[in-house]
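Novice: Below you'll find the structure I mean.
The values are calculated or read from the model by the stated rules, or taken from the named source; none is laboratory data. Note that the structure is predicted; figures quoted are calculated from it, not measured. Methodologically, a virtual Cβ is constructed for each residue, glycine included, from the backbone with ideal geometry; neighbour enumeration extends over all protein chains shown. Each accessible area value is taken on the protein alone, full model and side chains, heavy atoms only, with ligands, DNA and RNA left out. Shrake-Rupley method; radii C 1.70, N 1.55, O 1.52, S 1.80 Å.
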Amino acid sequence: MSDASRKMKKTDLVLSNGEYAFTQDTTTGSVKVLTGPTVLNITGQEYPVVYDAEHRQFRAVDLEEATQQCPLAPQGYYIELWNPPESGTKPQPSEGSKENPPRLLMGQRVNIPGPATFALWPQQFAKVISGHHLRSNQYLVARIYDEEAAKENWKKTVLKSASGPAAESGEATGGEGTIAELTEDDLTVGKQFIIQGTEVSFYMPPTGVEVVPDEDGRYVREALTLERLQYCILVDENGDKDYQRGPRVVFPRPTQRFYRDGSGSSVFRPTELNPIQGIHVKVIAPYTEGDRRYAEGEELFITGRDTPIYFPRPEHALVKYDGSAKHFATAVPEGEARYVMDRNTGEIRTVRGPTMLLCDPRTQVVVRRVLTERQCALYYPGNEEAKEYNAALGALLPRRPSTRASVSEGEVRRSLDKGRGRGKGTTKPQGKTTGDDRSSVHSAASGAFADEWQRVATYSQPRTLTLDTKYSGVPTVSVWDGYAVMVVDKRGERRVESGPKDVLLEYDQTLQAVERSTGRPKSATTTEQTVYLRLADNRIEDELSVTTADHVAISLHLALSADFVGDEPARWFSVGNYVQRLCDRARRAVQEAVRATTIDAFYDEPTKVVRRALLGGAAEGGAAEGGAAEGDRAGVALDDLGMALREVEVLGCTIANERLAQQVDEARAYVVASRYGLERMARKLELDKNRLAMEREQASEQARTAKFRAELEAEQIRRELALHQARLESEVTRLAKQLDERKATELLADEEAARQLRRRQQEAAAEQEIGQAQLELRLAELTAGTEAAVARFKAAEGPLAEAIQLLGNQDILAKVAEATSAQRLLGGKDVADVVGKLFEGTPLASVFDGVQRRAIPRRANGSAGPSMLADED
């Protein structure tokens, strides 16, 4: 109905389907329920009311507020109904009716699964709850609130079993007290049980069973899923703790809860340890691990050497120191050390570096030694920082436990934390506290005290560690070269350490102090103490007054140089105030020596007198050797002091009486002035002698120089003459050699010409002989031929003319004459001449004349005789 209609009819209450309202009769006080759909006309005898379940009373309301919705539980939901009607009565009001309520079972409740909806009787109230869907890592906590109803309706439980890998893997804990293990005998009032998501995927409780919500009102609770290197702690109602390690899904028992740290986390990581880290635990309940049984009250120190990853146990309780749990090793560098005290016996030992010192907190504690102000001044002279630091440590001594006579590292750290002003109301430390050793601090452990590994580096740079161990370790004394210290312990043992060396003091050891006088003159009333004894070149200055044989008082300023010698170093520290004793001995010796010397003798050579008195034979020997350096003297041994006096130097010598000192100075000045005048005249004479001698020497040298120059010039002329003569002789020799060479060449040419002439003569003779032989041979041939020809001519005189004529026409005669070579035989010029002479006076002469005339032109063209005869046609 609209608001306008309600305003028009304020006395009408209109209810739709699924709505209901309560009205109370003003005469009887009974309350009736009106269920829609219907319209109620409110009269003056009744008025609308609603039931306040929290205060358990009916409250009058206006008509607009009287309408209430029927609770509706769809499929998968259930209704938790309080104060149900008695058995056998009408369970719910009918629709469209106005009824009086039945008798109700006040204080009881029933669970009605959906789908369901109905109006409520007066004094009833209901809560619609969604069915509980569970994943594999979720669970419910259920409780029996009505034993009989639970047993009666147990089989009416709406439950769907889980399936899949999560339900079959078995990687879940908390099976004890689960729904799968319950029987009817277990269904008692107040019984709680767990419904795990690994077993049940959907659940609606029956009547008599309720699902308990958590602190936030949620019914479905989250189990813990643990990965590897994770664990959780389950705390039971009886105080027992159960540690569960991953990987697994952890379901608690009904009486257990997950432990949460300050940040609200329930999942923790184990404590990571390495060989230089450890944790201190105490056994609070006996248990057995492996072959060993651990008794209650036993304490353990677990390090990373045996347990790199530590998971807590319910039998272990973590022992913290100043709120810190993890112990770190202390870095002890080379040349340093730490004091470690046994907590049971009180014995303190010194651990020397280099090492990583990881103390067992059960029996060991690192302590610091507190030096007194006097010890700081002796061991570290002039070091104000060391004094302030030890003063700050001394302020902690009154607060130390009575069982310990030293200051522990923890007390120093607490003092430093307070000095830095942690928290409000803190005060500044008294004095300067330094030496905070960052390598030996504790830190909170992992696990239930942190949810991540604790690392030093905050980004990807390599891990670094800064050691400030200047004062946190064993007191260290640096003995320089040429110095020595004596170390004394409480057992009376003594030893001398010579430098260069760093000496680490045991806890019961101190340095022996020696006393020595200061100032001038040396006196036993002005002294200083030191632990550093200089072994060589101890320079000690002193002033003393002496009197000469003629009663003149003199003030001397001496410097003594002494060394500590001997094979017994302990004697060096056994002499009390060695400076004063050495000066006293020197005073006595010098006074005796000066008392036997007059003022003039002493004032001339005070150093010689003093050295003879103190060094004795060493001074005499050094002077007698003449040339030995003063520092080379062997010195005088002082056996009772363990020293040797090496050198004595007179720095000042003053006469006490001023008038006498003035007279002595004037006399010495006159003597010195006279001596200087004589020395000046002597030096002038010597200079004149030297000048004249030098002039004579100069003239002599000039004469020798002129003579030497003349000799040089003569020698130069002789050398030039000899050189010219040598050149002439060399030229004559050269010309003679050329002449000899020319003569030899001509002789060779003559001999060669003679040889060629003789060769030509021999060749000509040979040719003549050969020609003669050939001529004779040819002559013989011609003679024989001529005779033969004459014979033939005679045999044929008639026909011969014609034959010759024929031969002339054909040049046969010329060829015959050429072939017979009559030229040589007859001595003619050519063949024609020879033939002409041959046939001269014969009838053939005319023929050969014609032949000769024809042969002349041919000779002019280069042809020879026989050739012409041969070529003649």
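Novice: Starting from the Cα gyration tensor of the range 110-152, take the square roots of the eigenvalues, sort them a ≥ b ≥ c, and report rounded, prolate or oblate (rounded when a/c is under 1.5, otherwise prolate if a/b is larger than b/c, else oblate).
Specialist: Verdict is oblate for the range 110-152.
Novice: Continuing with this model, one more query. Of the listed peptides 291-299, 773-781, what is their order by residue-averaged count of other C-beta atoms within 10 Å, with the highest listed first?
Specialist: Going from most to least packed, we get 773-781, 291-299.
Novice: Here's something else I'd like to know. Using 7 Å Cα-to-Cβ label points, what is the ASP236/GLU347 separation (nm, one decimal)?
Specialist: Modelled inter-label distance: 4.5 nm.
Novice: Another question, if that's okay. Taking a point 7 angstrom from the Cα of ARG56 along the C-beta vector, which residues in the range 80-113 have backbone N less than 12 Å away?
Specialist: Only 83, 106-108 fall inside the zone, counting backbone N under 12 Å.
Novice: So what J values fall out for the range 124-134 if you push phi through Karplus, 6.51 cos²θ - 1.76 cosθ + 1.60 with θ = phi - 60°, rounded to Hz, Gly and Pro as x?
Specialist: After applying 6.51 cos²θ - 1.76 cosθ + 1.60, I find 9, 8, 9, 9, 8, 10, 6, x, 8, 8, 10 Hz.
Novice: Give the Rg/Rh ratio for the range 569-609, taking Rg as the radius of gyration of the Cα atoms and Rh as the Kirkwood radius, to two decimals.
Specialist: Value, to two decimals: 1.22.
Novice: Just the accessible area per residue of the range 480-631, please: how many Å² with a 1.4 Å probe?
Specialist: 50 Å²
Novice: Something else: Can you pull the one-decimal nm distance between simple spin-label points at ARG571 and VAL319, each 7 Å off the Cα toward Cβ?
Specialist: Here the answer is 5.5 nm between the modelled labels.
Novice: Debye sum, Cα scatterers, the range 464-602, no solvent: what log₁₀ I/I(0) at q = 0.13, 0.17, 0.20 1/Å?
Specialist: Listed by q, the Debye log ratios stand at -0.70, -0.97, -1.17.
Novice: Along the range 299-313, what does the Karplus equation 6.51 cos²θ - 1.76 cosθ + 1.60 (θ = phi - 60°) give for ³J(HN,Hα), rounded to whole Hz, x for Gly and Pro?
Specialist: 10, 10, 10, 9, 10, x, 5, 9, 10, x, 10, 9, 9, x, 10
Novice: Here is a further query. Could you tell me the distance between the Cα centroids of the range 598-614 and the range 72-93, to the nearest Å?
Specialist: The two parts, judged by their Cα centres, are 136 Å apart.
Novice: So if we plug the beta-carbon distance of GLU541 and ASP604 into 1/(1 + (r/R0)^6) with R0 = 22 Å, what FRET efficiency do we get, rounded to 0.05?
Specialist: That pair, GLU541 with ASP604, gives E of 0.40.
Novice: Next question. Round to the nearest 0.05 the FRET efficiency obtained for SER163 and THR43 when R0 = 56 Å and r is the Cβ-Cβ distance.
Specialist: That pair, SER163 with THR43, gives E of 0.35.
Novice: Now, a different point. Taking Rh as the Kirkwood radius computed over C-alpha pairs, what is the Stokes-Einstein D of the range 177-288 at 25 °C in a medium of viscosity 0.890 mPa s, expressed in µm² per second?
Specialist: 146 µm²/s
Novice: Right, something else. Report the full-extension gain for the segment GLU289 to ASN657: residue separation times 0.36 nm, less the Cα-Cα distance, to one decimal in nm.
Specialist: Gain on extension, GLU289 to ASN657, equals 122.5 nm.
Novice: On to the next question. On average over all directions, what projected area in square nanometres does the range 1-151 have, based on the convex hull of its Cα atoms?
Specialist: Convex hull of Cα atoms, orientation-averaged projection: 11.4 nm².
Novice: Ranked highest first by average number of other Cβ atoms within 10 Å, how do 186-198, 594-606 line up?
Specialist: 186-198, 594-606
Novice: Same structure again: Roughly to the nearest percent, how much of the accessible area of the range 15-157 is carbon and sulfur, given a 1.4 Å probe?
Specialist: 45 percent
Novice: Amide H to amide H under 5 Å from ALA549: which residues, 5+ apart in sequence or cross-chain, H placed 1.01 Å off N in plane?
Specialist: THR597, THR598, ILE599
Novice: Related question: Limiting things to C-alpha atoms, what are the Rg and the maximum Cα-Cα separation (Dmax) for the range 684-740, in angstroms?
Specialist: My reading of the Cα-based Rg and Dmax gives 24.4, 82 Å.
Novice: Could you tell me the calculated FRET efficiency between ARG760 and GLN725, based on Cβ-Cβ distance and R0 = 60 angstrom, to the nearest 0.05?
Specialist: Calculated value: 0.70.
Novice: Also, I was wondering about something else. So what does log10 I(q)/I(0) come out to for the range 508-557 at q = 0.13, 0.19, 0.30 Å⁻¹, using the Debye formula with one equal point on every Cα and no solvent?
Specialist: So the normalised log intensities work out to -0.49, -0.78, -1.14.
Novice: Can you give the extra length, in nm with one decimal, that the chain gains between ARG103 and GLU373 once fully stretched, where that is 0.36 nm per residue apart less the Cα-Cα distance?
Specialist: 87.6 nm
Novice: Moving on to the next point. With the cut-off at 1.5 for a/c, could you classify the range 283-358 from its C-alpha gyration tensor as rounded, prolate or oblate?
Specialist: Since a/c reaches 1.5 and a/b is larger than b/c, the shape of the range 283-358 is classed as prolate.
Novice: Let me ask another. Projecting each Cα onto the charge dipole of the range 47-101 (Lys/Arg +1, Asp/Glu -1 at the beta carbon, about the Cα centre), which of GLN69, SER87, TYR47 comes out farthest on the positive side?
Specialist: SER87
Novice: With Cβ to Cβ distances under 12 Å as the rule, what net charge do the other residues near CYS376 carry (K, R +1; D, E -1)?
Specialist: Within the 12 Å Cβ shell, the charges total -1.
Novice: Here is a further query. Starting from the Cα of GLN591, step 7 Å toward the Cβ, then list every residue of the range 642-683 with an amide N under 19 Å from that point.
Specialist: 653-657
Novice: What whole-number value in Å² describes the accessible area per residue of the range 212-359 for a 1.4 Å probe?
Specialist: 52 Å²
Novice: Take ASP640 and THR307, extend 7 Å from each Cα along the Cα→Cβ direction, and tell me the distance between the two endpoints in nm.
Specialist: 7.1 nm
Novice: Something else now. For the range 14-94, compute Rg over Rh where Rg is the Cα radius of gyration and Rh is the Kirkwood radius from the inverse mean 1/r over Cα pairs.
Specialist: 0.98
Novice: Assuming 0.36 nm per residue, please report the length gained on full extension of the stretch LYS707 to THR363 beyond their Cα-Cα distance.
Specialist: Extending this stretch completely gives an extra 112.8 nm.
Novice: With the cut-off at 1.5 for a/c, could you classify the range 520-590 from its C-alpha gyration tensor as rounded, prolate or oblate?
Specialist: prolate
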